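One structure, as structure tokens, below. Some questions next.
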Amino acid sequence: MKRGDKALVVFSGGQDSTTCLFWALRHFEKVRTITFSYGQKHSIEIDAARKIAEMAGVDFHTVDITPITAIGKNSLTDTTVVMDSEKPETGCPNTFVPGRNLFFLSIAAVYAREAGIHDLVTGVSQTDFSGYPDCRDSFIRSLNVTLNLAMDEQFVIHTPLMWLDKAQTWALADRLGVFDIVRNSTVTCYNGIPGEGCGHCPSCLLRNNGLKKYLSDRESILLTVSGI
């Protein structure tokens, strides 16, 4: 699985990327993080990412890509758009930021190349997600090939959470020894509230339902992530 001793984690300070950060620390000797300011409504996300990176003892780097993501209309960057409370019958919810993971991973690859890093880690998952096309395995595999062709490199994009549901993601954090950090210090809430969040936005519902499921059957769910 591992090619080198260094990895770069695309890091938001939320549940998924924080779990991936500590997964990377388990699998690689040297880990860096890259965090993006893309015009998100709540800068507290970046503050949380910085604090967690400091806690983990890893390099923290931020990149401002606001001009890129300001083009599309979505409820995470545009205060005039009322957030969808649930996934629509067709298409993506308006919490989808078009091109976000495409931009994140492309810029991360450029940064990684300059640092001599070939392993990229991201917290996307198509098991429990909101229907975002840039969280799917097919997209990641395609982008991995494209990045390698574009820069004549051999990057590997690692997606530890791709086939895990949210209960299993909690289990992985627990197995990595960072359950309390993920539960109390991350910002996953679309309304920018740390920890348990607002409790009613789509992100909070997904996170908290997963936590409830995990706590109700902790031992058996832990077994499902034993080899990750």
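The values are calculated or read from the model by the stated rules, or taken from the named source; none is laboratory data. Because the structure is predicted, anything quoted here is derived from the model rather than measured. Quick reminder, even Gly has a Cβ in these numbers, built from the backbone with ideal geometry, and neighbours come from all protein chains shown. When the accessible area is computed, the model is the full protein with side chains, heavy atoms only, and any ligands, DNA or RNA have been set aside. Shrake-Rupley method; radii C 1.70, N 1.55, O 1.52, S 1.80 Å.
Just to verify a number: FRET efficiency for Leu215 and Asn184, C-beta to C-beta distance, R0 = 25 Å, to 0.05?
That gives a FRET efficiency of 0.95.
Between Glu114 and Val156, what FRET efficiency follows from the Cβ-Cβ distance if R0 is 25 Å, with the result rounded to 0.05?
0.90
How big is the accessible area of Asp59 in square angstrom, nearest 10, if you roll a 1.4 angstrom probe over the protein chains?
70 Å²
Here is a follow-up. In the stretch 138-228, carbon and sulfur make up what percent of the accessible area (probe 1.4 Å)?
Exposed carbon and sulfur together represent 52 percent of the surface.
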